[in-house]
Amino acid sequence: SLDTTIQTQIAEKQTLLLPDTSEVAMNANSSIVFNKKNWDKKREITLEGEAYFKITKGNTFNVNTPSGIVSVLGTQFNIFVRNNMFNVSCYEGLVSVTFNDTLIKLPAGSKLKIENGVLVMHTSTNNTSPSWTINESSFDNETLVSVLKELENQYPITITAQISNANPRFTGSFTHNNLNLALKSICDPLNLA
């Protein structure tokens, strides 16, 4: 009757099957909690970090996060929830996202971004799965602080940087396989030394 907790460490990814054969791919520095015993009655997970879900059709499947709840019946979607950021991308089917008493239906090919409890973007995506599943982190007009935090999730490093109040924004990607190349991918476009 105890909950099952699964955690990934920095620079570690893990894929697992849930009791109903739904698949969860966890990105680095993430955790999920679920109850195997009650799974048939209540398909529910609590997520901290980032995970990509391929859900077997069935009863409602809920992912609870500190920033909101994502509910589905059977679909493929990614959730990112860290540092007051809550991003959901739907790759197949339809997901419902609830945050701050707001409900948004997100069809396949759509994504939304919530920062500090405020919806800042609701657009389409051409991707068929999240880039981190192929060992790459991608960003679209993201703050440098968020990009550097994600770099710390993918590599066993700590970054100490003084970032101006302007906090530059970054659009691009970095690899999870080569730290020097990853740093170059971030620093060169922003003219950082």
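Things worth noting here:
- When Gly117 is tested against the conditions (1) closer than 22 Å to Ala28 by Cα; (2) free of Cβ contacts under 8 Å to residues at least 60 places away in the same chain, the lone failure is (1).
- Filtering region 14-25 to residues that are surrounded by fewer than 17 Cβ atoms within 10 Å (Cβ to Cβ), touching a residue at least 12 places away in the same chain (Cβ under 8 Å) and at negative phi leaves Gln14, Pro19, Asp20, Glu23.
- Strands (runs of 3 or more DSSP E) within region 109-149 that include 2 or more residues under 14 Å from Gly172 (Cα atoms): 136-143
- Put simply, of Ser89, Ser137 the only residue that is at pLDDT 95 or above and touching a helix residue (DSSP H, G or I) at 6+ places or on another chain (Cβ under 8 Å) is Ser137.
For (1) within 14 Å of the chain's Cα centre (by Cα); (2) open to solvent by less than 40 Å² (accessible area, probe 1.4 Å); (3) within 20 Å of Ile10 (Cβ to Cβ), each residue gets a yes or a no:
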{"position": "Asn27", "(1), (2), (3)": "yes, yes, yes"}
{"position": "Asp40", "(1), (2), (3)": "no, no, no"}
{"position": "Thr60", "(1), (2), (3)": "no, no, no"}
{"position": "Gly68", "(1), (2), (3)": "yes, yes, no"}
{"position": "Ile79", "(1), (2), (3)": "yes, yes, yes"}
{"position": "Ser89", "(1), (2), (3)": "yes, yes, no"}
{"position": "Asp101", "(1), (2), (3)": "no, no, no"}
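- Test: Ser137 is of a type in the set (Ser, Thr, Tyr) and surrounded by 17 or more Cβ atoms within 10 Å (Cβ to Cβ): yes
The values are calculated or read from the model by the stated rules, or taken from the named source; none is laboratory data. Because the structure is predicted, anything quoted here is derived from the model rather than measured. Heads up, the Cβs are rebuilt from the backbone with ideal geometry, glycines too, and the neighbour counts pull from every protein chain shown. Just the protein is used for accessible areas: all its heavy atoms, side chains included, with ligands, DNA and RNA removed. Shrake-Rupley method; radii C 1.70, N 1.55, O 1.52, S 1.80 Å.
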